[in-house]
1. Please give the number of the condition LEU8 fails out of (1) among the aliphatic types (A, V, I, L, M); (2) in contact (Cβ under 8 Å) with a residue 40 or more places away in the chain; (3) loosely packed, with under 11 Cβ neighbours inside 10 Å.
2. Please go through segment 27-64 and give me each residue that is closer than 14 Å to LEU8 by Cα, open to solvent by 50 Å² or more (accessible area, probe 1.4 Å) and among the hydrophobic types (A, V, I, L, M, F, W, C), ordered by number.
3. Pairs, please: C-beta under 7 Å, at least 6 apart or cross-chain, first residue under 14 Å from PHE68 (Cα atoms) and in segment 11-39, second part of a loop (DSSP other than H, G, I, E, B) and open to solvent by 100 Å² or more (accessible area, probe 1.4 Å)?
Amino acid sequence: METREDYLLRLASVLDVLAMDKRLIVRGRYIERAFGGTGALAIAEAGVFARAHGCTFRYDRIKRQGEFTRAYPAGGRA
C-alpha cells in the first residue's frame, strides 16, 4: 500500500506539470488520507498544498471530490 508521503510526492509531481487547460479530480477519501485529517481540515490543507504548486483547489461536498486547476503557468507567474 502506498504511504502518505509517497502519495503526496506523486500528487506534487502531477500538479507541477498540470497544464493551464487541464484539471485533476481527486476523491474525498484520498484527500483525507493524504492530508491527514477529516473534513474541513484536510480540505484546507489541500488548498494550501495546491497554492504551493501554483494551483487552486475546490471541493464539491455533494460529489465528495476535489478539483485541482492551474492558477498560473507552470514555473511561475507570467
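The values are calculated or read from the model by the stated rules, or taken from the named source; none is laboratory data. None of the values given here were measured: they were computed from a predicted structure. Note that each Cβ is placed from the backbone with ideal geometry, even for glycine, and that neighbours are counted across all protein chains shown. The accessibility values were calculated without ligands, DNA or RNA, using every heavy atom of the protein model including side chains. Shrake-Rupley method; radii C 1.70, N 1.55, O 1.52, S 1.80 Å.
1. All conditions pass for LEU8, except number (3).
2. VAL48, ALA52
3. As it stands, the answer is ARG27/ARG64; GLY28/ARG64, since those pairs meet every condition given.
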